[in-house]
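> Below is the structure I would like to discuss, written out as structure tokens.
The values are calculated or read from the model by the stated rules, or taken from the named source; none is laboratory data. Keep in mind that this is a model prediction, so the values were computed, not measured. Glycine gets a Cβ as well: all are built from the backbone with ideal geometry, and neighbour counts include every protein chain shown.
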Amino acid sequence: MSTVQTNTVSPSLLATMNPSTSATQSTSAAAQDQFMKLLVTQMKNQDPLNPLDNAQVTSQLAQLSTVSGIEKMNTTLESMIASYQSTQSFQAASMIGHGVMVDGSTTSLNAGKALFGVDLASNADTVNVTVLDGNGQPVHSFDVGAQQAGLLPLQWDGTTDSGAAAADGAYSFKVTATLGGQPVSAQTLSYGQVASVATSSQGVKLTVPGLGAISMTDVRQIL
């Protein structure tokens, strides 16, 4: 009589029960049926002088239950993620037309108005802003004085250091801050207006002209 005696589920069967991608319910049922057939065949062909004990049978059944439970948990998580993304999409849609601040150092001058910001790590007694043109050359510098820690909106009216009006277009800026002569960390923030919302496998994205597609978690302030 041939002998079939194993104490663990074969790796191939485990892979079938827990695939890398979502399996359908029919696939799951077929895999469980395959497992049971394997177990029954194993018990039919066991060595009468060295049969499987209850612990071995229980262990194999427990493995089937564990794999099946993991599969059901994955299905539940996928459903929760889909529901969360749907809710997030509705929330994001309400931001269309609103201005947002995100990490960045670029700004756009339009009709003599450019908006941007800075996030100060601590209080500062001096906060100096320098606007640069497309070649990285300073166009205008100004001091906004002492400021408290936190996010600070900034605005440039397009006037250069010479008093002339700068042309509309893309600019960059940098911010330096000090407290008692010591530097203060200052994270520059770019401003943009949300034009649309897109949902993909990477989650919900806000489309902001000039800044591209950004995640809602990247938004530092909504204006």
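Here's the yes/no breakdown for (1) over 20 Å from Pro209 (Cα atoms); (2) assigned by TED's automatic domain parsing to the domain that holds Gly192; (3) touching a His at 6+ places or on another chain (Cβ under 7 Å):
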| residue | (1), (2), (3) |
| --- | --- |
| Gly112 | no, yes, no |
| Leu120 | yes, yes, no |
| Asn123 | yes, yes, no |
| Asp133 | no, yes, no |
| Val139 | yes, yes, no |
| Phe142 | yes, yes, no |
| Leu152 | yes, yes, no |
| Thr160 | yes, yes, yes |
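> Applying the selection to region 109-163, what residues are farther than 20 Å from Thr178 by Cα, modelled with pLDDT of 95 or more and hydrophobic (A, V, I, L, M, F, W, C)?
Leu109, Ala114, Leu115, Leu132, Val139, Trp156
> Within region 204-218, count every residue that is touching a residue at least 12 places away in the same chain (Cβ under 8 Å) and part of a strand (DSSP E or B).
Of the residues in region 204-218, 7 are touching a residue at least 12 places away in the same chain (Cβ under 8 Å) and part of a strand (DSSP E or B).
> Same structure, new question: Suppose the filter is assigned by TED's automatic domain parsing to the domain that holds Gly145, at negative phi and touching a Lys or Arg at 6+ places or on another chain (Cβ under 7 Å); does Ala213 pass it?
Judged against the criteria, Ala213 is a match.
> Across region 173-190, which residue is farthest from Asn135 (Cα to Cα) among those that are within 26 Å of the chain's Cα centre (by Cα) and buried (at least 18 other Cβ atoms within 10 Å of the Cβ)? Lay out the reasoning, then the answer.
Initial filter on region 173-190 (within 26 Å of the chain's Cα centre (by Cα)): 185-190.
Cutting the leftovers down to buried (at least 18 other Cβ atoms within 10 Å of the Cβ) gives us 186, 188-190.
Numbers: Ala186: 23, Thr188: 19, Leu189: 20, Ser190: 18 Å.
The extreme case among them is Ala186.
> Please enumerate the residues belonging to region 191-204 that are loosely packed, with under 15 Cβ neighbours inside 10 Å and closer than 25 Å to Glu78 by Cα.
Ala198, Thr199, Ser200, Ser201, Gln202
> Next question, about the same structure. Taking Gln221 as meeting all but one of (1) surrounded by fewer than 20 Cβ atoms within 10 Å (Cβ to Cβ); (2) assigned to a strand (DSSP E or B); (3) more than 22 Å from the chain's Cα centre (by Cα), write down the number of the exception.
(3)
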